[in-house]
Amino acid sequence: MGSFVSQPLEPVKDVAPPEVASFANPAPVIAPGAPTSPAEAPLFNNCWSCRVLSGSGLIGAGGYVYWVARKPMKLGYPPGPGTIAQMVFGISIACWGVVILSDPKGKAFRAG
């Protein structure tokens, strides 16, 4: 059995030593507002399957947190501030999942 340390995932490239900067030839200054690189990919994917998976997972997690906080109340114990906070937190997690599923601003479908 090998380990990941002995087998690198990417080939190692040789790096050239940095050149000595001279004052006669300074590096060109990039104007503000000028494009420096091509359009970057979004941080999170907005595909339908990603939204369904993460949204339903958050709804399930929020339901579980709410259910765990509600269980002692069904047994007759009075709710304390911690129980109420846990229920609010569970509801907010579930609402976050609904927002991800519904995609209200339409970011997943860009025209153009």
Accessible surface ranking that places the most exposed of 48, 67 first, with a 1.4 angstrom probe: 48, 67
Solvent accessible area, Å² - residue 53, 1.4 Å probe, full protein context: 130 Å²
Residue-span extension gain [residue 84 to residue 49] - 0.36 nm each, minus C-alpha spacing: 9.3 nm
Residue 95/residue 70 FRET efficiency (R0 22 Å; Cβ-Cβ; nearest 0.05): 0.85
Spin-label model distance (nm) - residue 105 vs residue 77, 7 Å beyond Cα toward Cβ: 4.1 nm
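The values are calculated or read from the model by the stated rules, or taken from the named source; none is laboratory data. Predicted model only: the values in this text are computed from it and were never measured. Reconstructed Cβ throughout: ideal geometry from the backbone, glycine too, with neighbour counts over all protein chains shown. These accessible areas exclude ligands, DNA and RNA; they are computed on the full protein's heavy atoms, side chains included. Shrake-Rupley method; radii C 1.70, N 1.55, O 1.52, S 1.80 Å.
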